[in-house]
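Working notes, structure below.
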Amino acid sequence: MKILVTGGCGFIGYHLIDKLITLNHEVVVLDNLSSGKKEYLNPAAKLVVGDVRDLDDVKKSIRGCETVFHLAALTDVRSEAEETDYQVNFIGSKSVFSVAEAINAKIIFASSSAVYGSSVAKEDSKCSPISQYGRSKLKAEKACPEDSLILRIFNAYGPKGKSVINIFCKKIPKYEDITVFGTGLQTRDYIYVADVVNAMIMGLKKSGIYNVGTGLETSLLDVIEIIHKLANNKPNIKFAMPRDNEVKRSKADITKIKHAMGWGPRIELVEGIRKLLEKSGA
């Protein structure tokens, strides 16, 4: 199958493309390289440097594709550049969806747990995003064609990632100071990137909205303690004022995706962190 991956030079994109190529799919990538790094991209994929907001770029890259994994987005939940978020995450998504729909290509949209706000969330839970990122993702969801697959991905981490787990796995073994904003008691549902990719692949023939997480919540202080024990280095924590628009609690209910796809996370948090620590430049 010929597949387009928008934002394929980003963290989840690298891993997804590697898996798609392993499965013998032909992969085209549309990315403007504003944050992604093409040196991480699988050389078997064809890169089109362009922008999802540009219809001509989208049309050029999607030619002949049966499926589109739409990952391109501005991803900083604390960003207050509202107009840019809106243009990329909503207007750019609408461009991709309209072109895909015109050629009858299936959409798999990488949405976010940020659409919920602070909650233990089921797919039918009320969405109350507290960041512009979450609001723009929710608007994009509503613009998806009817038979699309929407995956609300919780806090993904893993090789080549930029999550707080990635940052701490670099700093703690080197005895570098780490900064915790707020109390450190805020929780997240941390999901290893390989499990996210598996959910995407398993959803190729599915439609609807599904959470992609572990169903577990872990505080930031507990994450630090896990890294401390695995690295055998005591971190020097500096506490700072909490950030604006930060979710206090986040956990996925994954009952729906388990029943519909038979999907479940395979890599527990301790194992995932161990994998990161074992890789140089995690």
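The values are calculated or read from the model by the stated rules, or taken from the named source; none is laboratory data. Only a predicted model underlies this, so the values are computations on that prediction, with no experimental measurement involved. A quick note on method: Cβ atoms are made from the backbone with ideal geometry, for glycine too, and the neighbour counts reach across all protein chains shown.
Side notes on the structure shown:
- Which listed residue is among the aliphatic types (A, V, I, L, M), touching a Ser or Thr at 6+ places or on another chain (Cβ under 6 Å) and not in a loop (DSSP other than H, G, I, E, B), from Ile209, Ile191: Ile191
- Screening Ser98 against (1) crowded, with 21+ Cβ neighbours inside 10 Å; (2) among the polar types (S, T, N, Q); (3) modelled with pLDDT of 95 or more; (4) out of contact with any strand residue (DSSP E or B) (no Cβ under 6 Å at 6 or more places or on another chain) leaves a single unmet condition, (1).
- Count of segment 8-40 residues, restricted to those that are touching a Ser or Thr at 6+ places or on another chain (Cβ under 9 Å) and under 20 Å from Ser93 (Cα atoms), is 9.
- Candidate set: segment 169-188, residues that are in a strand (DSSP E or B) and of a type outside the set (A, V, I, L, M); chosen: the one surrounded by the fewest Cβ atoms within 10 Å (Cβ to Cβ): Thr179
- Taken as a whole, segment 226-242 holds no residue that is closer than 27 Å to Ser125 by Cα and either in contact with a Lys or Arg (Cβ under 6 Å, 6 or more places away or on another chain) or free of Cβ contacts under 8 Å to residues at least 60 places away in the same chain (or both).
- Among the helices (runs of 4 or more DSSP H) confined to segment 2-94, the ones with at least 1 residues that are touching a strand residue (DSSP E or B) at 6+ places or on another chain (Cβ under 7 Å) are located at 11-22, 55-62.
- Residues that are in contact with a Leu (Cβ under 7 Å, 6 or more places away or on another chain) and either at pLDDT below 95 or aliphatic (A, V, I, L, M) (or both) were ranked within segment 204-225; the one that is surrounded by the fewest Cβ atoms within 10 Å (Cβ to Cβ) is Leu221.
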